[in-house]
Amino acid sequence: MAAEEPAAAAALISALNLLPHIEGGYFVETDRDPISLPSPFEPDSADNNSKDDSKDDSNNTRNRSTLIYYLLTRRSPLGRFHRNKGRTIHLLHSGRARYVLVHPDGSVETFVVGHDVANGERLQWIVEGGDYKASFLLPDDDTHDHCLISEVVIPGFDYRDHNFLSSRQELVDLAGEQFAKDYAWLLTKPATAPDHPL
């Protein structure tokens, strides 16, 4: 996969041992706190992408935290709408991208992550549990061909606490018709969504 990327992105993928992520982009988990705590979340098989393991004792615990690198590149330029039940702290290392958040009340927040903090770009940002998020490289930015961040998830990431936003109707119901028209290309079923501009 890295061989198909431009040299700089391929070097990052190789040096950090990154793998393709199901959300888009690349990632690697670099830390999982060995200490586990009782899960603060109620099991809900309808709200995640895994089988129902409510009878599994491990469903009742989570690692205290997890840490990953996450990379967007021109070859894999977007992370599709998804949410976690846990709180996620993001830290920018290099590059630039736009994040789109949809809060549970349907309000929307968009911002650019980058190093131009004087003009409102962010080096750190937090996505609360329950917020849908998506991210993408800026198509008109010729000076940044990637975005490399770290993400700390508290409590630690578990796919039982994760789900995608895959239906355009869900997007309409959550944030309105105009928002869905503008951002349906970030859904997880791109075959049913308009072509994205990247």
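The values are calculated or read from the model by the stated rules, or taken from the named source; none is laboratory data. The shown structure was predicted, so the numbers you read here are calculated from the model rather than taken from an experiment. Counting neighbours? That spans all protein chains shown, and the Cβs are built from the backbone with ideal geometry, glycine included. Side chains are part of the model used for accessible areas, which takes the heavy atoms of the whole protein and leaves out ligands, DNA and RNA. Shrake-Rupley method; radii C 1.70, N 1.55, O 1.52, S 1.80 Å.
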| note | Note on Asp140: of the conditions (1) open to solvent by less than 80 Å² (accessible area, probe 1.4 Å); (2) over 30 Å from Asn63 (Cα atoms); (3) among the acidic types (Asp, Glu), unmet is (1)
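Okay, residues lined up against (1) in a strand (DSSP E or B); (2) modelled with pLDDT of 95 or more; (3) over 25 Å from Thr30 (Cα atoms):
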| site | (1), (2), (3) |
| --- | --- |
| His82 | yes, yes, no |
| Leu92 | yes, yes, no |
| Tyr99 | yes, yes, no |
| Pro104 | no, yes, yes |
| Thr110 | yes, yes, yes |
| His115 | no, yes, no |
| request: Scan segment 123-144 and give yes if some residue there is touching a Pro at 6+ places or on another chain (Cβ under 7 Å), in a strand (DSSP E or B) and modelled with pLDDT of 95 or more, otherwise no. | output: yes
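Let's see how each residue does on (1) loosely packed, with under 13 Cβ neighbours inside 10 Å; (2) in contact with a strand residue (DSSP E or B) (Cβ under 7 Å, 6 or more places away or on another chain); (3) at pLDDT below 95; (4) not in a strand (DSSP E or B):
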| site | (1), (2), (3), (4) |
| --- | --- |
| Gly24 | no, yes, no, yes |
| Thr30 | yes, yes, no, no |
| Pro43 | no, no, yes, yes |
| Asn59 | no, no, yes, yes |
| Leu67 | no, yes, no, no |
| Leu71 | no, yes, no, no |
| Gly79 | no, yes, no, no |
| Thr88 | no, yes, no, no |
| Listed residues Glu151, Glu170; which is assigned to a strand (DSSP E or B) and surrounded by fewer than 20 Cβ atoms within 10 Å (Cβ to Cβ)? | Glu151
| task | Can you tell me which residue within segment 90-128, out of those that are among the charged types (D, E, K, R) and in contact with a strand residue (DSSP E or B) (Cβ under 8 Å, 6 or more places away or on another chain), is least open to solvent (accessible area, probe 1.4 Å)? | result | Glu121
